[in-house]
Amino acid sequence: MIILKSQKFFFLSALFIAHMASIYAQQKQGYIQELPSTSLEINMVAIPSGSFIMGSPNSEKGRDEDEGPQRKMDIEGFWMSSYEITWQLYNLFLQRELDKAEFIDKGNEVVQKVDAVAGATIPYVDMSLGMGTGENLPIGNVTQLGASKFCEWLSAITGNFYRLPTEAEWEYAARANSEDAHFFDGNDTLEEYAWFSDNSGETYHEVGQKKPNPWGLYDMYGNVAEWTLDQYDVNTYAESTTAFIRVEKEYPAVVRGGSYKDGSEMLRSASRTFSKPVWKQRDPQFPKSKWWHTDAPFVGFRIVRPYETPNIEAQHSYWLGE
């Protein structure tokens, strides 16, 4: 059979269109997680599957030894909240007024009943330490457990599986395909993207006031540092071959991104820090609260939802289930 040039061009064009359509069909779109009986919502950004080099090279300015040796990480796609979780959103978990609400588009990824989710205690002092808990201000002084239980509660009421990001997922999302210390190029400045010691006035600020990274994530550097799921180990990169280190004890756990009180060296994609008992130094309770810190208003969190939903047992482990 003879194929004319015009027919061959049409045939190849059809194959190309079909291929692109297949790729597009595999891509995920961002979405808005609505919360009934309230005007609040959570904007979720689609983060594609891919690979990246985790950690920093020896030549990177401000580098610490726990950022290496660098290693290649394969990441499965997920959605991530474009903004840090705010006091307004976290108060919904504290008050539990949405537990009986009807969700029109409730998902089927989670079978957890909302009344089985442990409720956090109402703060006994001003956990913002005077910085405010008003509209669009990021939650601070919440423990890793408190952040994880918010994810469990949100999962139960929406039917969609939410959790904290792993340390690898956080860095992958922050980098947004960049390989340098920051996700922006040399023509931009850190002040355009972050609240930190040079410009914060020693307080956190409303989320989303600075430029986002290329994947649409705001405040990945600065404002409040963010919890991950990982147990911290200074030798993690050298000794571990797993995607993340599950938490087995309260301290130390990995915190990423730097905060309003940190210098620029802490606001790098590879920078790592960790939780400390001193973050509860002024807690007068005995035993000390498992939900709140009294001395870490600079630590908050954002949430993720993986494209592939884990089984029930894994879901509970991600929520720091007991």
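The values are calculated or read from the model by the stated rules, or taken from the named source; none is laboratory data. Since the model is a prediction, treat every value here as computed from it, not as a measurement. Backbone-built Cβ (ideal geometry, glycine too); neighbour counts: all protein chains shown.
Do you know which residues across region 36-55 are part of a loop (DSSP other than H, G, I, E, B) and either modelled with pLDDT of 95 or more or touching a strand residue (DSSP E or B) at 6+ places or on another chain (Cβ under 6 Å) (or both)?
Scanning region 36-55 gives L40, P48, S49, G55.
For region 247-289, give me each residue that is part of a helix (DSSP H, G or I), more than 21 Å from the chain's Cα centre (by Cα) and charged (D, E, K, R). Break it down into steps so the answer makes sense when it comes.
So in region 247-289, the residues part of a helix (DSSP H, G or I) come out as 264-266, 277-280.
Add one more test, that the residue is more than 21 Å from the chain's Cα centre (by Cα), and what stays is 277-278, 280.
Scanning region 247-289 gives a single hit, K280.
Checked against the criterion of being more than 17 Å from F78 (Cα to Cα) and touching a helix residue (DSSP H, G or I) at 6+ places or on another chain (Cβ under 6 Å), region 158-168 contains not a single residue that satisfies it. In region 204-228, how many residues are within 21 Å of L129 (Cβ to Cβ) and assigned to a loop (DSSP other than H, G, I, E, B)? Going through region 204-228 one residue at a time, the tally reaches 9.
Which residues, counting only those in region 131-159, are in contact with a strand residue (DSSP E or B) (Cβ under 9 Å, 6 or more places away or on another chain), part of a loop (DSSP other than H, G, I, E, B) and either aliphatic (A, V, I, L, M) or on the phi > 0 side of the Ramachandran plot (or both)? Once the filter is applied, which keeps residues that are in contact with a strand residue (DSSP E or B) (Cβ under 9 Å, 6 or more places away or on another chain), part of a loop (DSSP other than H, G, I, E, B) and either aliphatic (A, V, I, L, M) or on the phi > 0 side of the Ramachandran plot (or both), region 131-159 yields N136, L137, I139, N141.
Summed over region 214-229, residues that are touching a residue at least 40 places away in the same chain (Cβ under 8 Å), surrounded by fewer than 24 Cβ atoms within 10 Å (Cβ to Cβ) and not hydrophobic (A, V, I, L, M, F, W, C) total 2.
Looking only at residues in region 260-295 that are farther than 19 Å from M220 by Cβ and hydrophobic (A, V, I, L, M, F, W, C), the one that is modelled with the lowest pLDDT is F286. Taken over region 115-140, the criterion of being aliphatic (A, V, I, L, M) and surrounded by fewer than 17 Cβ atoms within 10 Å (Cβ to Cβ) is satisfied by A116, A118, I122, V125, L129. When region 160-203 is limited to residues that are assigned to a helix (DSSP H, G or I), out of contact with any Pro (no Cβ under 9 Å at 6 or more places or on another chain) and of a type in the set (G, A, S), the one that is nearest to L89 (Cα to Cα) turns out to be A174.
Looking only at region 47-95, filter to residues that are among the charged types (D, E, K, R) and out of contact with any Phe, Trp or Tyr (no Cβ under 8 Å at 6 or more places or on another chain); which one of those is surrounded by the fewest Cβ atoms within 10 Å (Cβ to Cβ)?
Of the residues in region 47-95, the ones among the charged types (D, E, K, R) are 60-61, 63-67, 71-72, 74, 76, 84.
With the extra rule that they be out of contact with any Phe, Trp or Tyr (no Cβ under 8 Å at 6 or more places or on another chain), the set shrinks to 60-61, 63-65, 74.
Numbers: E60: 18, K61: 9, R63: 18, D64: 16, E65: 11, D74: 11.
Among those residues, the one meeting the criterion is K61.
Among the residues of region 94-119, just one is of a type in the set (D, E, K, R) and not in a loop (DSSP other than H, G, I, E, B), namely D115.
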